Amino acid sequence: MATISDPRERPIAVFDSGVGGLTVMHELLVHLPAEDYIYLGDTARFPYGERTPDELATFSLEIAEELLARNAKLLVVACNSATSAALPVLQQRMRQTTLGVEVLGVVRPEAIQAVATTNNGRIGLLATNATVASGAYDEAIHAADPHVTLVSVAAQELAPLIQSGSTFDDKVVELVRGYIEPLREARVDTVILGCTHYPLLSPILQRMLGRDVRIVTSGVALARQVEHVLGARDLANPNRSEGSYRFLSTGDPEAFAAVGTRFLQLPLGPVEQVTLHEGVIA
Ligand code: DGL
């Protein structure tokens, strides 16, 4: 693949288990419009929330391989399950390469934002089984403030339901009501949406939790961290015009495009189908 000589003009790569990470991509496109982006959705292996840490590490390394081959200057793991299970492995692998590409994940920026938001020191987390089981949010929250309590709920059924494109009917509302019950009982004042799909449920959640409870999503906090890294490493794209963005999917590209627009809230354009290979990042 052709290389771009000015590293600042290389694209930022973003990946997720499917279309959910497009909620994160949305914030990047809005906050850092001059950058070029490549997004990869591993829809063929969705959902990640039921995968083991080893599987998630393998998938993440395969995706990183593909995105580095496409000249990525920065790797953003938009998926909470992959970040929770595989970020340290990915970061370690990247440090061993000659490319010096930084890897950012969604857990830390979101945890820091939640700690800064809470007043009563009680935070709730809604996430997949894989994310909750990893303990990554507990670790990140306690690193930011050991006096804060985290109440975690594995809401495994939600992401597949949202990704299926089904409308939010009474069944979805009742499901969400059940999941947030432990958070209401614990009287949390801040709720982390620890899964890429959940921002689509924000209106339902806000109504149920009440207006005094603050909802934290990963997109904005992550976009700020991306901006910091680009600035610190002198990697910000010097172009003043809007950059380009394109999409890769391991599954059916038409299905990706059909569901994806709802998540991206911007025109999506054509989606390229991609086959991932095991490989060694040089
Ligand atoms: N991107 C995934 C996450 O944030 C969505 C859910 C899944 O793949 O199970 O965890």
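Within the stretch 14-154, the percentage of alpha carbon pairs spaced more than 26 angstrom apart rounds to 25%. Applying 1/(1 + (r/R0)^6) with r as the Cβ-Cβ distance of Glu272 and Ala116 and R0 = 25 angstrom yields a FRET efficiency of 0.05. Reported value for the stretch 158-276: 166 Å³ per residue, from the convex hull of its C-alpha atoms. Taking amide H positions as modeled 1.01 Å from N, with prolines and chain starts lacking one, the residues under 5 Å from Gln156 and 5 or more places away or on another chain are Asn129. In a fully extended conformation the segment linking Glu139 and Glu254 would gain 37.6 nm over its present Cα-Cα distance, using 0.36 nm per residue. Close amide H pairs (under 5 Å, H built 1.01 Å from N) link Leu125 with Val151, Ser152, Val153, Ile192, residues at least 5 positions away or on another chain. Here is the list for the stretch 184-229: trypsin sites (Lys or Arg not before Pro) lying in DSSP coil, each with at most 12 other C-beta atoms within 10 angstrom of its C-beta, are Arg187, Arg211. Put a dot 7 Å past the Cα of Ser244, heading toward its Cβ, do the same for Val220, and the two dots end up 3.2 nm apart. Each of the peptides 256-266, 67-77 was scored by the mean count of other Cβ atoms within 10 Å over its residues; in descending order, highest first, they stand as 67-77, 256-266. Could you run the Debye sum over the Cα atoms of the chain, one equal point scatterer each and no solvent, and tell me log10 of I(q)/I(0) at q = 0.08, 0.15, 0.16 Å⁻¹, two decimals? Debye curve over Cα of the chain, log10 I(q)/I(0) at q = 0.08, 0.15, 0.16 Å⁻¹: -0.31, -1.12, -1.27. Taking the longest Cα principal axis of the chain as reference, the axis of helix 22-31 is set at about 70 degrees. Averaging Cα coordinates gives a centre for the stretch 245-263 and one for the stretch 1-54; these two points are 12 Å apart. With R₀ set to 30 Å, the beta-carbon distance separating His147 from His31 gives a calculated FRET efficiency near 0.45. Remark: the Arg95-Ser164 segment gains 21.1 nm on full extension, using 0.36 nm per residue and subtracting the alpha carbon distance.
We did not get these values from a lab; they are worked out from the coordinates using the rules stated. The structure presented is a predicted model; accordingly, all values stated were derived computationally and were not measured. Note that we place each Cβ from the backbone using ideal geometry, even for glycine, and neighbour counts take in every protein chain shown.
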